[in-house]
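The values are calculated or read from the model by the stated rules, or taken from the named source; none is laboratory data. Just so you know, these numbers come straight off a predicted model, no measurement behind them. Glycine gets a Cβ as well: all are built from the backbone with ideal geometry, and neighbour counts include every protein chain shown.
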Amino acid sequence: MIFRPFQLTDVPDITDIYNDYILHSTATFDTEPVTPDEMQQRMISIAGSFPFIVCEWDGKTIAYCYAHPWKEKAAYGQTLETTVYVASAFTGQGIGRQLMTRLIDQCRTQGYHALIACITSGNEGSEKLHQKLGFRKVSQFEQVGRKFDRWLGVTDYELLL
């Protein structure tokens, strides 16, 4: 496995990974698949300014994580939100943890102060991952999103760098 910065050639694989989550999980509140062009625009706006790491295996991007602004107001400038997705065939192998460890290190090196992870309530895998990395639960919102005909909550975790 190779861990490296995002490249535009990763967009098709990242689109496939993300669309699988859209269609089969509540990890994202997006409800409609995205096109590679839409994903490319999202990724370019993030990768140009913030840490963005992918995991490549056998020439294919199998996981990715990045940090992006948590809120838009200037006072939040030293706080980022984290995102991590691992292709379903590779979950449970520690790839998400390796990606997030690298992301946390990059954010710390770049002088950020806090990281926020907004996790769909009940996503035990993501909650455990973030807790192992030192994130602590700081808030919980009930029934703020609706997907697959059910109401979903969001739990926020914070890591002070």
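Here is a list: ARG108, ARG97. Which entry is in contact with a Lys or Arg (Cβ under 9 Å, 6 or more places away or on another chain), assigned to a helix (DSSP H, G or I) and touching a residue at least 24 places away in the same chain (Cβ under 8 Å)?
The match here is ARG97.
Tell me which of these VAL154 doesn't satisfy, since it passes every other one: (1) among the aliphatic types (A, V, I, L, M); (2) farther than 17 Å from THR28 by Cα; (3) surrounded by fewer than 20 Cβ atoms within 10 Å (Cβ to Cβ).
(2)
Have a look at VAL54, VAL34 and point out the one that is outside any strand (DSSP E or B) and at pLDDT 95 or above.
VAL34
Output the number of residues of the stretch 74-85 satisfying the condition of being without any contact (Cβ under 8 Å) to a residue 24 or more places away in the chain and either surrounded by fewer than 16 Cβ atoms within 10 Å (Cβ to Cβ) or under 12 Å from CYS107 (Cβ atoms) (or both). Talk me through it step by step, then tell me what you get.
As a first pass, look at the stretch 74-85 and keep what is without any contact (Cβ under 8 Å) to a residue 24 or more places away in the chain: 74-77, 83.
From what is left, the residues that are either surrounded by fewer than 16 Cβ atoms within 10 Å (Cβ to Cβ) or under 12 Å from CYS107 (Cβ atoms) (or both) are 74-77.
Residues that pass the stated criteria total 4.
Let's see how each residue does on (1) in contact with a His (Cβ under 7 Å, 6 or more places away or on another chain); (2) more than 18 Å from TYR21 (Cβ to Cβ); (3) among the β-branched types (Val, Ile, Thr):
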| position | (1), (2), (3) |
| --- | --- |
| TYR64 | no, no, no |
| TRP70 | no, yes, no |
| THR79 | yes, yes, yes |
| TYR112 | no, yes, no |
| GLY125 | no, no, no |
| GLN131 | no, yes, no |
| TRP151 | no, yes, no |
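Let me confirm something: among LYS71, LYS60, which residue is touching a residue at least 24 places away in the same chain (Cβ under 8 Å) and either β-branched (Val, Ile, Thr) or exposed (fewer than 15 other Cβ atoms within 10 Å of the Cβ) (or both)? Reasoning before the result, please.
Details: LYS71 fails: touching a residue at least 24 places away in the same chain (Cβ under 8 Å).
From the options LYS71, LYS60, the qualifying one is LYS60.
In the stretch 9-31, which residue that is in a loop (DSSP other than H, G, I, E, B) and within 13 Å of the chain's Cα centre (by Cα) is surrounded by the fewest Cβ atoms within 10 Å (Cβ to Cβ)?
Of everything passing the filter in the stretch 9-31, PHE29 is surrounded by the fewest Cβ atoms within 10 Å (Cβ to Cβ).
Quick test of your reading of the structure: PHE3 fulfils all but one of (1) within 23 Å of GLU127 (Cα to Cα); (2) free of Cβ contacts under 8 Å to residues at least 40 places away in the same chain; (3) aromatic (Phe, Trp, Tyr). Name the failing condition by number.
PHE3 satisfies all of (1) within 23 Å of GLU127 (Cα to Cα); (2) free of Cβ contacts under 8 Å to residues at least 40 places away in the same chain; (3) aromatic (Phe, Trp, Tyr) except (2).
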